Amino acid sequence: MSAGLGARYRQAMRVTGSELTTVTGLVYRQARSGGGTESVRLPVQRLAVTRVPDGCEAVLVAGDLQGVAPSPYGGASVLLGVALAEHLAGWAEQGLVPSPDRLAVVLAGDLYSAPTADVRGASGDVADVWLAFAAAGCRLVTGVLGNHDVLAPSDLAGLDPAPVPLDGDAVEHAGVRFAGVGGIIGDPARPGRRAERDQLANLARALATAPDLLVLHEGPPGARPDQRGSAVLGERIRRAAPPLTVCGHVHWPEPLSTLGGGHVLNVDSRAVLLTPGR
């Protein structure tokens, strides 16, 4: 191993904690199985890692925020991801989370909800969520689209810094490299889906960037039977597993698992602060 590669390996963003601790949360409404709507709570949790981007105190990762919640500023309910972004400043004043200008944000997709929060699997425009984290002052906003997300690149233009959606590519920020692949494997005639061959090709391009954090919407399975995922994605990632893979799409009761030489963190219906420590 060369000196440069060795230094990069030592500085990788690796999970050091074994469990997630809840620091706060947010009540929201989501579509209920069988019809109607229900009130649930989004946990905001903390997980220890070896490092985060220079100048940041944490990386906030979240996915499958398919609901609506009141804004702390009042008015009609907004998309859950928007409410999450708007609560950051208040939580920071209480000492619960770092200040937004000390956060990088990684979104794992499926951020839309019907305004009435009573339609399961609704698809729609999620630009407001990405823009809300940028407006909150977060240092980096990146991630991928889910199979229910609609986002036009022009919606994010003109911001400095502009949010960076990923799909088979990577972005480096303050010494940490983030790569990602959006969508899921499925019938390419349907929105947000790709043929397996094409999704694996995008994954190969993302992995070739040697990311510290790989973000997917549909991710690999974990070690437990109830940690469901795509076996074909898991087999491909295992060959050269990044230190950390973040995904969603299906809910894991236990959100953390190992994969190859790294970890998988499932953020379906949760937000997690990756924070240096043990």
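The values are calculated or read from the model by the stated rules, or taken from the named source; none is laboratory data. Just so you know, these numbers come straight off a predicted model, no measurement behind them. Cβ: placed from backbone, ideal geometry, glycine included. Neighbour counts: every protein chain shown.
Table: residues versus (1) assigned to a helix (DSSP H, G or I); (2) over 27 Å from Pro161 (Cα atoms); (3) modelled with pLDDT under 95.
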| site | (1), (2), (3) |
| --- | --- |
| Arg8 | yes, no, yes |
| Arg41 | no, yes, no |
| Val44 | no, no, no |
| Gly81 | yes, no, no |
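Keeping to the range 185-197, report how many residues are surrounded by fewer than 16 Cβ atoms within 10 Å (Cβ to Cβ) and in contact with a strand residue (DSSP E or B) (Cβ under 9 Å, 6 or more places away or on another chain).
Step one: list which residues in the range 185-197 are surrounded by fewer than 16 Cβ atoms within 10 Å (Cβ to Cβ), which gives 187-191, 195-197.
Narrowing the set further to residues that are in contact with a strand residue (DSSP E or B) (Cβ under 9 Å, 6 or more places away or on another chain) leaves 187-188, 191, 195-196.
Total satisfying the criteria: 5.
Kindly list, by first and then second residue, each pair from a residue in the range 258-270 that is touching a residue at least 24 places away in the same chain (Cβ under 8 Å) to a residue that is assigned to a loop (DSSP other than H, G, I, E, B) and among the aliphatic types (A, V, I, L, M), limited to pairs with Cβ atoms under 6 Å and residues at least 6 apart or on different chains.
Listed pairs, sorted by first residue: Leu259/Ala241; Gly262/Ala241; Val267/Ala108.
When you check Leu96 against the structure, is it over 21 Å from Gly124 (Cα atoms) and either surrounded by 17 or more Cβ atoms within 10 Å (Cβ to Cβ) or β-branched (Val, Ile, Thr) (or both), yes or no?
Values: over 21 Å from Gly124 (Cα atoms): yes; either surrounded by 17 or more Cβ atoms within 10 Å (Cβ to Cβ) or β-branched (Val, Ile, Thr) (or both): no.
In short, no.
Residue pairs, Cβ under 7 Å, 6 or more apart or interchain, first in the range 150-173 and in contact (Cβ under 8 Å) with a residue 60 or more places away in the chain, second buried (at least 17 other Cβ atoms within 10 Å of the Cβ) and assigned to a loop (DSSP other than H, G, I, E, B). List them.
The qualifying pairs are His173/Pro53.
Scan the range 264-275 and give yes if some residue there is acidic (Asp, Glu) and in a loop (DSSP other than H, G, I, E, B), otherwise no.
From the range 264-275, those acidic (Asp, Glu) are 268; that's our starting set.
When the remaining residues are screened for being in a loop (DSSP other than H, G, I, E, B), the result is none.
The answer is no, given that none of the residues of the range 264-275 is acidic (Asp, Glu) and in a loop (DSSP other than H, G, I, E, B).
Do we have any residue at all in the range 216-237 that's among the β-branched types (Val, Ile, Thr) and either crowded, with 23+ Cβ neighbours inside 10 Å or in contact with a Ser or Thr (Cβ under 8 Å, 6 or more places away or on another chain) (or both)? Spell out how you get there, then give the answer.
Looking only at the range 216-237, we keep the residues that are among the β-branched types (Val, Ile, Thr), and these are 232, 237.
Going one step further and asking which of them are either crowded, with 23+ Cβ neighbours inside 10 Å or in contact with a Ser or Thr (Cβ under 8 Å, 6 or more places away or on another chain) (or both), we end up with 237.
Yes, the range 216-237 contains at least one residue that is among the β-branched types (Val, Ile, Thr) and either crowded, with 23+ Cβ neighbours inside 10 Å or in contact with a Ser or Thr (Cβ under 8 Å, 6 or more places away or on another chain) (or both).
Restricting the search to the range 10-36, which residues are surrounded by fewer than 17 Cβ atoms within 10 Å (Cβ to Cβ) and in contact with a Gly (Cβ under 9 Å, 6 or more places away or on another chain)?
Correct list: Gln11, Thr16, Gly17.
Out of (1) touching a strand residue (DSSP E or B) at 6+ places or on another chain (Cβ under 8 Å); (2) surrounded by fewer than 24 Cβ atoms within 10 Å (Cβ to Cβ); (3) farther than 28 Å from Pro191 by Cα, the odd one out for Leu103 is which?
Tallying (1) touching a strand residue (DSSP E or B) at 6+ places or on another chain (Cβ under 8 Å); (2) surrounded by fewer than 24 Cβ atoms within 10 Å (Cβ to Cβ); (3) farther than 28 Å from Pro191 by Cα, Leu103 fails exactly one: (2).
So is Val52 in contact with a helix residue (DSSP H, G or I) (Cβ under 7 Å, 6 or more places away or on another chain), in contact (Cβ under 8 Å) with a residue 60 or more places away in the chain and part of a loop (DSSP other than H, G, I, E, B) or not?
On the way: in contact with a helix residue (DSSP H, G or I) (Cβ under 7 Å, 6 or more places away or on another chain): no; in contact (Cβ under 8 Å) with a residue 60 or more places away in the chain: yes; part of a loop (DSSP other than H, G, I, E, B): yes.
No.
Which one of Ala58, Ala62 is at pLDDT 95 or above and in contact with a Pro (Cβ under 6 Å, 6 or more places away or on another chain)? Explain how you work it out, then say what you get.
On the way: Ala62 fails: in contact with a Pro (Cβ under 6 Å, 6 or more places away or on another chain).
The match here is Ala58.
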